[in-house]
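The values are calculated or read from the model by the stated rules, or taken from the named source; none is laboratory data. Everything numeric in this text was worked out from a predicted model, so none of it was measured. Every residue, glycine as well, gets a Cβ built from its backbone with ideal geometry; the counts of neighbours run over all protein chains shown. Protein only, heavy atoms only, side chains kept; ligands, DNA and RNA dropped before computing areas. Shrake-Rupley method; radii C 1.70, N 1.55, O 1.52, S 1.80 Å.
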Amino acid sequence: MKRSQWLFIFTLFLWNCQSKNQKTDYTDWSYYGGPADGTRYSSLQQINRENVANLEVAWIYKTGDATERSQIQCQPIVKNGILYGTSPRLHVFALDAATGEEIWRLDPFEILGGENSWAGTNRGVSYWEKGEDKRILFGAGNWLMAVNALTGEPIRDFGDDGKIDLRKGLDTEREDFLIVANAPGMVFEDLIIMGMRLSEGLDAAPGHIRAYHIPTGKLEWIFHTIPHEGEAGYESWDPQYIQQIGGANNWAGMAVDYKRGIVFVPTGSATYDFWGGYRQGDNLYANSLLALDAKTGKKIWHFQGVHHDIWDRDFPSPPTLIRVESDGKWIDAVAQPSKHGFTFVFDRETGEPLWPIEEQEVPQSIMPGEKTSPTQPIPSLPEPFMNMVFEEKDILNLKPEWEADIRAQLSRAKYGHMWEPPHPDSSIVLFPGMDGGAEWGGAAFDPESQTLYVNANQIPWLIEMTANSEFENMGQTVYTNYCGNCHGLERKGNPPAIPGLLGIAEKYSPDSLKLLLKKGRGAMPAFDYLSDEQREVLIDFLLGKTEQGDKKELESQNAPLAPRYYMTGYQKLLTKEGLYGSNPPWGLLTAIDMRSGFQKWQITLGEIDSLSQMGFEPTGTENYGGPAVTAGGLVFIAATKDEKIRAFDSSTGEKLWEAKLPAAGHATPAVYEQNGKQFLVIACGGGKGTKSGDQYVAFTLPGELPGR
């Protein structure tokens, strides 16, 4: 064993001795994930099974800046009686946590000076204090910013006049990447540890993990998720192309074991997502759970959940720190839900799995230039939290005409195996789909009952590939690389969440389309990093000004690498009426006993009113956002497209309460106490195919606040 490893183990021993009597404050909700361990658990029990049906609206905060297809994915935090959150346009605000009255609000573009008008989504903010210096740190687009937590004033001596450009400092020559700091950074001592969302194409940045010194903004360490030559993991890539590959990024959030000084970082797939001919090998550290020394960024251990991913099966949520009893002893573990329905569980210090994980043989790709991994890791336990294979029996059959519609779409599709690889001549059914399984809301864990609660989508998607060589012109190639995943190669979109682009010439002139591409809008990112040549041929293609056969090549010497095969676009398997192509349930909430690894209960999550009115049992809906669990015996979750928030009995799954929201709560709720009253707060931003909203709604029990 190396000397550095002995030193780390000795340090862990000292921390264990010093921290043996320290306990997490489960009344705290000042972190992304609620308390410091990110379990989304509250020990508050003023609201409980007996009285939850009496909940009423305590206050509503309207941000006033919703736009078409905007969202709020923010889980607010509460510190010193102040609730912090973000709006659809990523204005950061502070509210009185008891009344919802605004204390301050900041438009981040005041710091940027109007440099960019698009910032993507944001799932929360981070709090740090040292003495009288109290700060809120947050991401807006490719910027990390810091403001005074009490006043909202920018901290001008942080980074460059209050901000850090995350496109810089990636140990690459390029700095013109699409980067979105969507998940809150994790604060550890005087560091903030950052991940980022990236492009899905071969133009993506490498998804390296970085830590910045909070008082100054100085970069303190970087971990290369795509290793450099000489680093461990480099051998799992094709050295000819590794410097042109991006991704392997942390977009889902992280968790920190503050006692041990370990940050747990789940990563996503490497680019290009669906054809990996330029990245032969297992591709470490893509699709991995990394345990890093939070002070230095040095790797302690890792586990790769998908080898050489060609299905977009990122680890989709922050890991959950759990403590479970096994064979008479307590184990501090970390649980990582996956998009494909597994939960991987490891000893936090050693990375040893709590249950065996077996490498099993999987079908192999016949895509030209592709070489897939012969095996994939399958955990023996915990039980999967959803169905993981789409078979004949799963084809939607609620009505004969719906079944006929889906069967027609499946006439040339391959399905029946969860690891069915993309095919050059046939579509495949990806099940679970690209939005999970589990999603970015994460799981909740009750440390008293040792139960993990995880919500999931259970709907099929289609993957269809097409050869790059079949494109008629360079505009089509640029469109496919930057726009095709979302809007589809036929430009029909994925309504209502993603609009089609046919007929766009009726709405935009070349100048107005150029401005849209540079600035972005709503969920569409700004493509200001495209070269002038790329933007020109893309605009010509979108407006129908390119002649077929005009295979004009880009003259830039740094024109991006293009895959030999592209996916034709994100596509759910749907009927003409928009119903999912598998038999319900389409949304699930599952409780897993983490002592045994077996399910305690599983229920359908969400309802489609039109189907209920036809006499069908609740089918569940797609859900985005996660649960919170309390000592009052309750699991609170919104997340569903039916615009409701619900409370379930944490022991049985029985629904005890629900309330209609002004827009879908695609976020994770916050639970806290202020002035002697317990509150439940959810961001109601809608989006994802539902109407957009701009409100935060707080619920509490009836009665005056003490002292009023």
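Quick check: anything in the stretch 48-56 closer than 27 Å to E658 by Cα, open to solvent by 50 Å² or more (accessible area, probe 1.4 Å) and in a loop (DSSP other than H, G, I, E, B)?
For the stretch 48-56, residues closer than 27 Å to E658 by Cα, open to solvent by 50 Å² or more (accessible area, probe 1.4 Å) and in a loop (DSSP other than H, G, I, E, B): present.
Residues being open to solvent by 50 Å² or more (accessible area, probe 1.4 Å) and touching a His at 6+ places or on another chain (Cβ under 9 Å): count how many of those fall in the stretch 205-224.
2
Checking D309 against (1) of a type outside the set (G, A, S); (2) open to solvent by less than 10 Å² (accessible area, probe 1.4 Å); (3) touching a Phe, Trp or Tyr at 6+ places or on another chain (Cβ under 7 Å), which test does it fail?
Among (1) of a type outside the set (G, A, S); (2) open to solvent by less than 10 Å² (accessible area, probe 1.4 Å); (3) touching a Phe, Trp or Tyr at 6+ places or on another chain (Cβ under 7 Å), D309 violates only (3).
Take the residues in the stretch 450-489 that are of a type outside the set (D, E) and open to solvent by 30 Å² or more (accessible area, probe 1.4 Å), then tell me which one is nearest to K518 (Cα to Cα).
Here the answer is Y482.
Looking at W355, W330 in this structure, which one is over 20 Å from F188 (Cβ atoms), part of a loop (DSSP other than H, G, I, E, B) and not β-branched (V, I, T)?
On the way: W330 fails: part of a loop (DSSP other than H, G, I, E, B).
Testing whether each residue is over 20 Å from F188 (Cβ atoms), part of a loop (DSSP other than H, G, I, E, B) and not β-branched (V, I, T) leaves just W355.
State all residues of the stretch 98-112 that are open to solvent by 70 Å² or more (accessible area, probe 1.4 Å) and either assigned to a helix (DSSP H, G or I) or out of contact with any Asp or Glu (no Cβ under 9 Å at 6 or more places or on another chain) (or both); if no residue qualifies, say none. Explain how you work it out, then say what you get.
Taking the stretch 98-112 and keeping what is open to solvent by 70 Å² or more (accessible area, probe 1.4 Å), we get 101-103, 105, 110.
Across the stretch 98-112, the qualifying residues are E101, R105, E110.
Of the residues in the stretch 161-200, how many are out of contact with any helix residue (DSSP H, G or I) (no Cβ under 6 Å at 6 or more places or on another chain), outside any strand (DSSP E or B) and either of a type outside the set (F, W, Y) or under 27 Å from E129 (Cβ atoms) (or both)?
23
Between K691, K660, which is within 21 Å of the chain's Cα centre (by Cα), open to solvent by 10 Å² or more (accessible area, probe 1.4 Å) and more than 16 Å from D96 (Cβ to Cβ)?
K691
Return the residues of the stretch 74-97 that are open to solvent by 10 Å² or more (accessible area, probe 1.4 Å) and assigned to a loop (DSSP other than H, G, I, E, B); say none if nothing qualifies.
If the condition is that a residue be open to solvent by 10 Å² or more (accessible area, probe 1.4 Å) and assigned to a loop (DSSP other than H, G, I, E, B), then N80, G81, P88, R89, H91 are the ones that fit.
Return the residue satisfying two criteria in turn: it lies in the stretch 360-377 and is part of a loop (DSSP other than H, G, I, E, B) and free of Cβ contacts under 8 Å to residues at least 60 places away in the same chain, and of such residues it is farthest from H307 (Cα to Cα).
For the stretch 360-377, the residue satisfying everything is I366.
When residues of the stretch 399-447 are filtered for being under 17 Å from I463 (Cα atoms) and assigned to a strand (DSSP E or B), how many remain?
Residues meeting the conditions: 8.
One line per residue, one yes/no per condition, for (1) in contact with a Phe, Trp or Tyr (Cβ under 7 Å, 6 or more places away or on another chain); (2) assigned to a loop (DSSP other than H, G, I, E, B); (3) on the phi > 0 side of the Ramachandran plot:
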position	(1), (2), (3)
Y212	no, no, no
E220	yes, no, no
E229	no, yes, no
Q243	no, no, no
A252	yes, yes, no
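Residues that are open to solvent by less than 10 Å² (accessible area, probe 1.4 Å), closer than 22 Å to A36 by Cβ and among the aliphatic types (A, V, I, L, M): does the stretch 265-285 have at least one?
yes
Looking only at residues that are modelled with pLDDT under 80 and in a loop (DSSP other than H, G, I, E, B) in the stretch 490-516, which one is surrounded by the most Cβ atoms within 10 Å (Cβ to Cβ)? Please lay out each step first, then the result.
As a first pass, look at the stretch 490-516 and keep what is modelled with pLDDT under 80: 494-498.
Next, only the ones that are in a loop (DSSP other than H, G, I, E, B) stay: 495-497.
Numbers: P495: 10, P496: 13, A497: 16.
Ranking the qualifying residues of the stretch 490-516, first place goes to A497.
For the stretch 144-154, how many residues meet the condition of being open to solvent by 20 Å² or more (accessible area, probe 1.4 Å) and either within 13 Å of A181 (Cβ to Cβ) or of a type in the set (A, V, I, L, M) (or both)?
From the stretch 144-154, those open to solvent by 20 Å² or more (accessible area, probe 1.4 Å) are 148, 150-151, 153-154; that's our starting set.
In the following step, the residues that additionally are either within 13 Å of A181 (Cβ to Cβ) or of a type in the set (A, V, I, L, M) (or both) were identified as 150.
Qualifying residue count for the region: 1.
Can you name the residue in the stretch 341-387 that is farther than 25 Å from L321 by Cα and touching a Gly at 6+ places or on another chain (Cβ under 7 Å) and, of all such residues, is surrounded by the most Cβ atoms within 10 Å (Cβ to Cβ)?
Filtering the stretch 341-387 for residues that are farther than 25 Å from L321 by Cα and touching a Gly at 6+ places or on another chain (Cβ under 7 Å), the one surrounded by the most Cβ atoms within 10 Å (Cβ to Cβ) comes out as E370.
Anything in the stretch 634-678 that is more than 18 Å from L588 (Cα to Cα), polar (S, T, N, Q) and not in a strand (DSSP E or B)? List them, or say none.
At the first step, the residues of the stretch 634-678 found to be more than 18 Å from L588 (Cα to Cα) are 659-663, 670-678.
Applying the additional criterion that residues be polar (S, T, N, Q) yields 674-675, 678.
Of everything in the stretch 634-678, just one residue is more than 18 Å from L588 (Cα to Cα), polar (S, T, N, Q) and not in a strand (DSSP E or B), namely N675.
When both residues are 6+ apart or on different chains and their Cβ atoms are under 7 Å apart, which pairs have a first residue that lies in the stretch 672-688 and is open to solvent by 10 Å² or more (accessible area, probe 1.4 Å), and a second that is among the hydroxyl-bearing types (S, T, Y)?
Pairs found: E673/T27; K677/T700; K688/Y624.
If I ask for residues that are more than 18 Å from W301 (Cβ to Cβ), buried (at least 23 other Cβ atoms within 10 Å of the Cβ) and of a type in the set (V, I, T), which ones from the stretch 225-260 would you list?
Within the stretch 225-260, I226 is the sole residue that qualifies.
Going through the stretch 580-634 one residue at a time, which ones are open to solvent by 20 Å² or more (accessible area, probe 1.4 Å) and in contact with a helix residue (DSSP H, G or I) (Cβ under 8 Å, 6 or more places away or on another chain)?
Answer for the stretch 580-634, where residues must be open to solvent by 20 Å² or more (accessible area, probe 1.4 Å) and in contact with a helix residue (DSSP H, G or I) (Cβ under 8 Å, 6 or more places away or on another chain): N583, P618.
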